[in-house]
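So the structure is just underneath, and the comments pick up after that.
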Amino acid sequence: MSQTVRVDAVESTPLVDPIREHVVATDDHEHAPAVVVRADEVQTVLSKLKAESGLDHCATVTAQEYDDRYESIYHLRRYDDPTTELSVVVPTTKDDPTSESAAPVYPTAAWHEREAYDLVGIEYEGHPDLRRILLPETWQGHPLSKDYNQDQPQIVTYREHERILEDRREGPETLHLNMGPHHPSTHGVLHLEVSLDGEQVADIAPDIGYIHRCEEQMCQSKTYRHQIMPYPDRWDWSGAGLLNEWAYARTAESLVGIEVPEYAQVIRTMCGEFSRILGHLLAVATYALDVIGEFTPVFQWGVRDRELVQDVLEDLTGQRLMFNYFRLGGVAWDLPEPREAFFENIRAFLEDLPTKLEEYHTLLTGNEIIQARTVGTGHLPAETARAYGCTGPVARGSGVDYDLRRDDPYGYYDELDWSVVTEDEGDNFSRLLVRLREVEESAKIIDQCVDLLEEWPEADREIQANVPRTIRPDPDREIYRAVESAKGELGIYIRTDGTETPARFKIRGPSFSHVQVLPEMARGEYVADLVATLGSLDPIMGDVDR
């Protein structure tokens, strides 16, 4: 990033007015203006931006090391308009990589800064709990730092896995309970350190990092044009792979100015909503297992209906899980022949879906046990959801009307008739309702896409833009773009260095913020409610650990 002061950029950015006196330099990131501020003025700057410029959504924090400095970037947006964005860049010196913590202003920044400390080596003064988050405390070095020795042996002592009950008690009657990391109700390899006062949760600390995927590092070693695209499918394996692919495609296409043909946009939109249905059906099916142990019929019905969607996507992509169908500039190939049979299969699924959704509502939302376990439990106020960067059904279940498909349009969404689903209660039941209602909206979108594709003139069925075989963006360009995945805002930050591979590739997974907010929702509730609350967040740990 250029460190040259550009007064013209500051003058043309009203968002910067409250902090103008603190800006030491500016730059234009591809998606938003960027300002550089001092490392000891972070809380002052962010407080003013949040209160006076309305930037109430800290989407993610990117940390990186240059040859001459370290840097933290706070990607700020507005919940009521995510196209209003600002990047706040905080450089530090190489010999003292210390910056003021943003966590007192944006609680969601706490985990992001822990990750930055863990992987890059930046320290944050005033952080409420600055320690490693993905790696054991005994780990030597920071894996994303330039001087990291990958051949250095690492020893994790028994002490790092020990849980001493007496030292962790919140009160005289408190019991420490380990939930996970291998547990049927943790939705992956998640460890919850729970303090119980009788049957009520006194405190809870989510412990992540058990399946750290190294996906960011792998993408940084792969070429933009061909080699990165197979990886996004693996971040969230609940079926949202095509939406993950879209997140990377949107970011890279915006970075290098690729215009996707309209026909390919319609196909992408249809694929994205099929992925959303896959994700929501799995969330609903497993939620029945979490809350009432309902293996039949709800779980089996969920799997059954997912199989029908996977049949359609297998016909289209050749795969049932790791689709690898999107390409920069469009999609890999056109719809399968005969097209009429392909559309007929989709229509058959859509025609049966309303009856099936009615059955889901009868067995879930109309179930007295589900209602007793979920209505009024796991309460997440809208202001807390915003503070922790929650998005997707988790935020919309708290009345936060935020959906990137509508608010930051991409694909073909702004040409179609559909609605953003919200519920105001903010409890476990509301999040269940949002997902079931969103399946209905996804079906409406798919139906309209099929109508368009059926009538599309054969001569105009352009599936890919003319993309160069080798993509080598100019150096020092930076961009953050996001899509609305089944779980919420899935964003990608890329910094270029003039080569075929990214200098920095940062993944903003929605589940990361949602697991972080779990203690706010679970304290004071019963341990049985904790299982229902965690399940209502629908986390996938590959999306958390990346």
(message) Taking a cut-off of 16 Å, what percent of all Cα-Cα pairs in region 315-403 are separated by more than that?
(response) 75 percent
(message) From the alpha carbon gyration tensor of region 58-109, can you work out the equivalent ellipsoid semi-axes (sqrt of 5 times each eigenvalue) and give them in Å, largest to smallest?
(response) 24, 12, 7
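Regarding region 178-231, what's the average projected area of the Cα-atom convex hull, expressed in nm²? Intermediate values should be presented prior to the final figure.
Values: hull surface 20.1 nm².
With the hull built on Cα positions only, its mean projection is 5.0 nm².
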(message) Suppose all protein chains stay in the model; what accessible area per residue would a 1.4 Å probe give for the chain, in Å²?
(response) 38 Å²
(request) Give the Kirkwood hydrodynamic radius (Å, one decimal) of region 84-159, defined as one over the mean of 1/r across all pairs of different Cα atoms. (result) 13.7 Å
(request) For region 198-287, state the semi-axes of the equivalent ellipsoid (square roots of 5 times the eigenvalues of the alpha-carbon gyration tensor), sorted largest first and rounded to whole angstrom. (result) 32, 20, 11
(message) How long are the semi-axes of the equivalent ellipsoid of region 237-381, defined as square roots of 5 times the Cα gyration tensor eigenvalues? Whole Å, largest first.
(response) 33, 19, 12
(message) Taking θ = phi - 60°, what integer Hz values does the Karplus form 6.51 cos²θ - 1.76 cosθ + 1.60 yield along region 416-426, in sequence order, with x for Gly and Pro?
(response) 10, 9, 7, 10, 7, 8, 9, 9, 9, 6, x
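Where does each of THR501, THR92 land when they are ordered by accessible area, with a 1.4 Å probe and the largest first?
From most exposed to least exposed: THR501, THR92.
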(message) Given a 1.4 Å probe and heavy atoms of the protein chains only, how would you sort THR108, THR138, THR93, largest accessible area at the top?
(response) THR93, THR138, THR108
(request) Can you tell me the relative contact order of region 1-141? Whole percent, Cα pairs under 8 Å, sequence separation 6 or more. (result) 19 percent
(request) Quote the convex hull volume per residue of region 286-338, based on C-alpha atoms, as a whole number of Å³. (result) 87 Å³
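Rank by packing, highest mean first: peptides 305-313, 126-134, with packing defined as the count of other Cβ atoms within 10 Å averaged across residues.
Descending packing order for the listed peptides: 305-313, 126-134.
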(request) Could you list which residues have their amide H under 5 Å from that of THR84, counting only those 5 or more apart in sequence or on another chain, with H placed in the peptide plane? (result) ARG78
(request) Over the chain, with every protein chain in place, what whole percent of the accessible area is carbon and sulfur at 1.4 Å, could you tell me? (result) 46 percent
(request) Go through GLU262, GLU314, GLU455 and list them by solvent-accessible area, largest first, probe radius 1.4 Å. (result) GLU455, GLU262, GLU314
(request) Give the share of C-alpha pairs in each 10 angstrom bin for region 23-150, from 0 to the last occupied bin, in whole percents, shortest bins first. (result) 13, 45, 32, 9, 1
(request) With N set to the residue count of region 360-407, report its C-alpha Rg divided by 2.2 N^0.38 Å to two decimal places. (result) 1.38
(request) Assuming a ≥ b ≥ c are the square roots of the Cα gyration tensor eigenvalues, decide whether the chain counts as rounded (a/c under 1.5), prolate (otherwise, with a/b larger than b/c) or oblate. (result) oblate
(request) Using θ = phi - 60° and the Karplus relation 6.51 cos²θ - 1.76 cosθ + 1.60, list the HN-Hα couplings for region 259-273 in order, rounded to whole Hz, with x at every Gly or Pro. (result) 9, 7, x, 4, 4, 5, 5, 5, 4, 4, 5, 4, 4, x, 6
(request) Give LYS50/LYS94; LYS146/LYS487; LYS94/LYS146; LYS48/LYS506; LYS444/LYS487 a once-over and call out the pairs whose C-alpha atoms are over 22 Å from each other. (result) LYS50/LYS94; LYS146/LYS487; LYS48/LYS506
(message) Using each residue's phi in region 90-96, evaluate 6.51 cos²θ - 1.76 cosθ + 1.60 at θ = phi - 60° and report the 3J(HN,Hα) Karplus result to the nearest Hz, with x for Gly and Pro.
(response) 10, x, 9, 6, 5, 7, 9
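Report the relative contact order of the chain, percent, no decimals, based on alpha-carbon pairs under 8 angstrom and at least 6 residues apart. Mind showing how you got there, number by number?
Values: 1117 pairs, mean separation 93.8, N = 546.
Answer for the chain is 17 percent.
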(request) Bin width 10 Å, alpha-carbon pairs only: give the P(r) of region 390-516 as whole percents, running from 0 to the bin holding the largest distance. (result) 11, 30, 29, 23, 7, 0
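The values are calculated or read from the model by the stated rules, or taken from the named source; none is laboratory data. Here the structure is a predicted model, which means the values were calculated and not measured. So basically every Cβ, Gly included, is an ideal-geometry build from the backbone, and we count neighbours across all protein chains shown. Each accessible area value is taken on the protein alone, full model and side chains, heavy atoms only, with ligands, DNA and RNA left out. Shrake-Rupley method; radii C 1.70, N 1.55, O 1.52, S 1.80 Å.
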